[in-house]
1. So if the hydrodynamic radius of the stretch 78-194 is defined as the Kirkwood radius over C-alpha pairs, what does Stokes-Einstein give as its diffusion coefficient at 4 °C and 1.567 mPa s, in µm² per second?
2. Convert each backbone phi in the stretch 90-98 into a coupling constant with the Karplus relation 6.51 cos²θ - 1.76 cosθ + 1.60 (shift: θ = phi - 60°), then list the ³J(HN,Hα) values in order as whole Hz, x for Gly and Pro.
3. Under the definition of Cα pairs under 8 Å and six or more residues apart, what whole-number percent is the relative contact order of the chain?
4. Find out how many positive minus negative residues lie around Tyr141, taking Lys and Arg as positive, Asp and Glu as negative, among other residues whose Cβ is under 15 Å from that of Tyr141.
5. Say R0 is 22 Å: what FRET efficiency, to the nearest 0.05, do Gln145 and Glu217 get from their beta-carbon distance?
6. Could you please report the charge total around Asp271, scoring K, R as +1 and D, E as -1 over all other residues with beta-carbon less than 10 angstrom from its beta-carbon?
7. Quick one: if you stick a label point 7 Å off each Cα along the C-beta vector at Asp61 and Arg262, how many nm between them?
8. How much length is gained if the chain between Trp249 and Leu89 is pulled fully straight, taking 0.36 nm per residue apart and subtracting their Cα-Cα distance, in nm to one decimal?
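Bear in mind that the values in this text are calculations on the coordinates, not laboratory data. Keep in mind that what you see is a predicted model, and the values were worked out from it rather than measured. Every residue, glycine among them, receives a Cβ derived from its backbone with ideal geometry; neighbour counts consider all protein chains shown.
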Amino acid sequence: MSTQIQAGECMTGVTIVIPVWYGRDFLSRCLESVRQQEKVPYPIQVIVVEDGTPEHYMAEDIAYRYHAEYHYIPKNQGVAHARRFGANLSVFDDGFLAFLDQDDFWYPTFLTVMIDTLSRHPDRGFAVANADIVFSSGRKYQLYQTKFPSLRLQDLKMFNHIVTPSQVLMRLQAFRQIHWTGELKTPGADDWLLWLSLSSQGFPGIFVPKTLIAYLEHEGGAHQNISKMRQSEASVVEDWFPQLGFSKWDQRRYWAGVEIERALHHAYQKDWGQFIRRLTLATVKDPTAALSAAWYRIERKLKHWV
């Protein structure tokens with residue numbers, strides 16, 4: 001599946017990095033979906049990065065069965081590190097980069113559609129596809145049905161509209177130029193930081209309204225741990241917003257948005273007392289930011305954003 005590249009060759013290609021941790025049950029389907037990609041106009045390099053899985057559960061044999069490169073990191077360091085590690089092994093001078101999670105899989109036209117989209121939009125640094133959310137029972141639904149993600153930087157600062165990196169194809173040179181580290185005090189929102197880094201450094205995204213991947217929703221998924229994800233997002237806002245050149249206003253607006261989301265959670269449960277209390281607290285604490293965050297919520301609804 002991976003193309004053998006001679007040392008010193010200057011080539012355009014597609015590098016696909018698949019981080020693996022206890023992934024034997026999923027990896028074959030994932031790699032098979034890469035092998036089934038149709039009419040890809042460039043050579044493909046597939047890199048499986050095993051992130052500290054104990055020996056008895058390692059997936060080395062599966063990777064080699066699909067002719068993918070296999071690299072083992074002895075101590076688990078997290079998915080962001082594994083993605084960075086794999087991306088740095090790309091043999092191409094130019095082209096595209098994808099981070100495909102072990103339990104997700106692409107439909108056969110993912111690469112051709114995404115490459116074509118980026119080729120027709122040279123001002124865009126990454127493309128985002130629609131997805132099917134698939135449950136272990138076999139039930140599935142389309143991620144973006146009547147709504148779609150906003151990839152404007154000002155909106156990404158408020159909310160990560162992208163569920164999984166598996167939806168995304170990036171320009172390889174864009175990724176290299178932003179020098180992404182993804183290092184957070186609490187892991188989880190590393191991908192949000194990546195989209196913010198790309199967008200803020202001149203490589204905005206574009207949405208592709210075609211369902212091109214399957215995202216497996218299960219109990220082990222990172223998005224299930226809401227508390228940990230909130231902590232990770234807080235690390236992005238407090239530690240990385242300033243490094244990306246975002247303002248104190250961006251931070252205030254984000255936190256006001258969090259408070260409004262919490263208030264609305266009580267409204268959905270018809271707990272009107274807590275709703276009014278939360279909304280009042282948010283408004284009193286920072287009225288200007290609360291008003292801006294509330295307008296963002298209205299704009300999301302009016303423009304059918306997720």
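1. Working: Rh = 15.5 Å.
It diffuses with D of about 83 µm²/s by this estimate.
2. Ordered by residue, 3J(HN,Hα) equals 4, 8, 8, 7, 8, x, 9, 9, 9 Hz.
3. Details: 540 pairs, mean separation 53.8, N = 306.
Computed value for the chain: 18 percent relative contact order.
4. Net local charge, Tyr141 excluded: +1.
5. On the way: r = 16 Å, r/R0 = 0.71.
After rounding to 0.05, the efficiency reads 0.90.
6. Values: positive: Lys270, Arg277, Arg278; negative: none.
Charge balance near Asp271 sits at +3.
7. With each label placed 7 Å out from Cα toward Cβ, I get 5.0 nm.
8. Values: separation 160, 0.36 × 160 = 57.60 nm, distance 3.81 nm.
Additional length available on full extension: 53.8 nm.
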